[in-house]
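Novice: What follows is a structure written as structure tokens; I'll ask about it next.
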């Protein structure tokens with residue numbers, strides 16, 4: 001991948017952003033498959049909600065965002081949405 005100073009035009013930048021977004025979504029797909037498998041190790045709503053784990057995840061993701069010099073507040077919000085979606089998915093799986 002090119003370094004930010006190596007772009008010659010806006011199309012190159014946009015193409016690179018598209019490539020990065022594709023890889024991000026692929027990784028989210030990988031993450032989602034893990035979320036689907038972890039339900040095999042959970043037996044009740046409390047295990048799915050796992051409040052302490054949520055707090056640990058959010059704290060660590062904020063730290064990582066800061067390390068990468070990106071807005072930790074934004075990424076905390078993104079992960080809250082992701083976690084809540086995962087909880088709903090897992091609760092649905094648990095009910096089945």
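The values are calculated or read from the model by the stated rules, or taken from the named source; none is laboratory data. On a predicted model such as this, the values are computed, not experimentally measured, just so you know. So basically every Cβ, Gly included, is an ideal-geometry build from the backbone, and we count neighbours across all protein chains shown.
Novice: Pick from 37, 2, 52, 77: which is assigned to a helix (DSSP H, G or I), surrounded by 10 or more Cβ atoms within 10 Å (Cβ to Cβ) and out of contact with any strand residue (DSSP E or B) (no Cβ under 8 Å at 6 or more places or on another chain)?
Specialist: Checking each option against the conditions leaves just 77.
Novice: Scanning for something modelled with pLDDT under 95, more than 18 Å from residue 88 (Cβ to Cβ), outside the structural domain of residue 80 (by TED's automatic domain parsing) and in contact with a helix residue (DSSP H, G or I) (Cβ under 8 Å, 6 or more places away or on another chain), does the stretch 4-14 turn up at least one residue?
Specialist: Yes - at least one qualifying residue is present in the stretch 4-14.
Novice: If residue 32 satisfies all but one of (1) touching a helix residue (DSSP H, G or I) at 6+ places or on another chain (Cβ under 9 Å); (2) not assigned by TED's automatic domain parsing to the domain that holds residue 1, what's the number of the condition it fails?
Specialist: It is condition (2) that residue 32 fails.
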